[in-house]
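Each value in this text was obtained by applying a stated rule to the coordinates, not by laboratory testing. Note that the structure is predicted; figures quoted are calculated from it, not measured. All Cβ positions, glycine included, derive from the backbone under ideal geometry; neighbour counts span all protein chains shown.
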Amino acid sequence: MSIRYFYGNEAMILLVLITYDVNTETAAGKKRLRQVAKQCVNYGRRVQNSVFECILDNAQCIMLKSMLTDIIDEETDSLRFYYLGNKYQTKVDHVGVERGISADQPLIF
């Protein structure tokens, strides 16, 4: 998988929308759901239940996709990755209440 765009020698950062559906009928499914959400929180912000916006470079994207794929049960769960590119500001239109801060805004502790 290659989602990396280059401008000169620099790799660009991309917005990746990650959605997941984890079967929670069993205790193991509930555990997988928590694990997937925890990994997604490490890389982006939750915008809806089971939907995250993540600002990633190619290496981060490959690593996160691999981690999430290892967590889910491909027989009962699903993951979707939408690659919105580096000009994502023109591709996202939001109506209603915002959850948290924007994925591309710095956190100050």
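Provide the packing ranking of 51-57, 81-87, i.e. peptides ordered by the mean count of other C-beta atoms within 10 Å per residue, highest first.
51-57, 81-87
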Given 10 Å bins starting at zero, what is the percent of C-alpha pairs of the range 44-91 in each, up to the one with the largest pair distance? 21, 54, 23, 3
I need the phi-derived Karplus couplings for the range 36-50: 6.51 cos²θ - 1.76 cosθ + 1.60, θ = phi - 60°, integer Hz, Gly and Pro marked x. 5, 4, 4, 5, 5, 4, 5, 10, x, 10, 6, 10, 7, 4, 6
Given R₀ = 30 Å, what would the calculated FRET efficiency be for Lys87 paired with Asp21, taking r from the Cβ atoms and rounding to 0.05? 0.60
